[in-house]
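Trainee: There's a structure below that I have some questions on.
The values are calculated or read from the model by the stated rules, or taken from the named source; none is laboratory data. All of these numbers come straight from a predicted model, not from anything done at the bench. When we count neighbours, we look across all protein chains shown, and the Cβ atoms used for this are built from the backbone with ideal geometry, even at glycine. Surface areas here come from the heavy atoms of the whole protein model, side chains and all, with no ligands, DNA or RNA. Shrake-Rupley method; radii C 1.70, N 1.55, O 1.52, S 1.80 Å.
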Amino acid sequence: MSRILVSRSCRSAGMAAAGAYRSVSLEPEPLETAGGIAHALPQLGDQPFLVVNADIFTDFPFEQLKGVMPTEAGAHLVLVPNPSHHPGGDFNLTGLASDQSGVLAGRLSMTSGGDAMLTYSGIGVYSPQMFEQVPKGVYPLRPLLEAGCADGRVSGQPYDGRWEDIGTPERLDALNQSLIIRS
């Protein structure tokens, strides 16, 4: 069985240091991101929740997400510079402005914007309503994000600190080697 690990509650989004709790939802088969989240909705409740992909390594300051409240059926994503294996990026981040805590945030679109394109980090705060209409079974996240971007329900913030996609054995090995060298 596959598992999806979902950390809940933007109110405590400093991860373990801020008292966030984790919930494990067993999947009968790999359900992709949206399918897995929809499967876990009964455990997540009706408040926005934080999702962190298991195949990333980062020093992102999760406390920046503590007060983030996405629009109904919306999301707020953390975006990073495009890695070499994904040079085209995922989103165009526009209308950047500082919020009350000084964090830059803006609206996302999926239209190609050349140098303005950034990559989704695998860190996001989601409204549970975004997943209420997801059919049971395998379902990817991208169609939901495309619809949310088109409707102005998806916001994002850039992050330029340490972030690595370790979703392949080669990238995980490269990270492990870099950490051994640093120690």
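Trainee: Can you tell me, using C-alpha contacts under 8 Å and at least 6 residues apart, the relative contact order of the range 66-145 as a whole percent? List each step's numbers first, then the result.
Mentor: Details: 116 pairs, mean separation 31.6, N = 80.
For the range 66-145, the relative contact order is 40 percent.
Trainee: Over the chain, average the accessible area per residue using a 1.4 Å probe and give it in Å², no decimals.
Mentor: Working: 9570 Å² over 183 residues.
Heavy-atom accessible area per residue stands at 52 Å².
Trainee: Additional query: Could you work out the Rg to Rh ratio of the range 123-166, with Rh taken as the Kirkwood radius (inverse of the mean 1/r over all Cα pairs)?
Mentor: Working: Rg = 12.9 Å, Rh = 12.6 Å.
Rg/Rh for the range 123-166 comes to 1.03.
Trainee: Net charge near residue 83, counting Lys/Arg +1 and Asp/Glu -1 over other residues with Cβ under 10 Å of its Cβ?
Mentor: -1
Trainee: Let me ask something else about it. Got a number for the accessible area of residue 111? Probe 1.4 Å, square angstrom, nearest 10.
Mentor: The accessible area of residue 111 comes to roughly 90 Å².
Trainee: Take the Cα pairs of the range 28-103, get the Kirkwood Rh, then feed it into Stokes-Einstein at 25 °C and 0.890 mPa s and tell me D in µm²/s.
Mentor: Values: Rh = 15.3 Å.
Roughly 161 µm²/s, to the nearest whole number.
Trainee: Given a 1.4 angstrom probe, I'd like the percentage of the accessible area of the range 103-183 that is carbon and sulfur, rounded to a whole number.
Mentor: Whole-percent figure for carbon plus sulfur exposure: 55.
Trainee: Moving on to the next point. Give, as a single signed number, the net charge of other residues whose beta carbon lies under 14 Å from the beta carbon of residue 143, with Lys and Arg counted +1 and Asp and Glu -1.
Mentor: -2
Trainee: Label point 7 Å out from residue 54 along Cα-to-Cβ: which residues of the range 79-122 have amide N under 15 Å?
Mentor: Correct set: none at all.
Trainee: Then there is this: Tell me the net charge near residue 127. Cut-off is 12 Å between Cβ atoms, residue 127 excluded, with +1 for each Lys or Arg and -1 for each Asp or Glu.
Mentor: -2
Trainee: Something else now. Quick one, which of (1) 2.09; (2) 0.95; (3) 1.48 is the actual Rg/Rh (Cα atoms, Kirkwood Rh) calculated for this model?
Mentor: The value computed from this structure is option (2).
Trainee: If a/c stays under 1.5 just call it rounded; otherwise compare a/b with b/c (prolate if a/b is bigger, oblate if not). Do that for the range 66-113, with a ≥ b ≥ c from the square roots of the Cα gyration tensor eigenvalues.
Mentor: Note, shape of the range 66-113 comes out prolate.
Trainee: Comparing 138, 78, 154, which has the greatest mean-square fluctuation in the GNM of the chain with Cα pairs linked when under 10 Å apart?
Mentor: For the chain, modelled as a Gaussian network with Cα springs under 10 Å, the answer is 138.
Trainee: Rounded to the nearest 10 Å², what accessible area does residue 151 show when all protein chains are kept and the probe is 1.4 Å?
Mentor: Approximately 100 Å² of residue 151 is accessible to the 1.4 Å probe.
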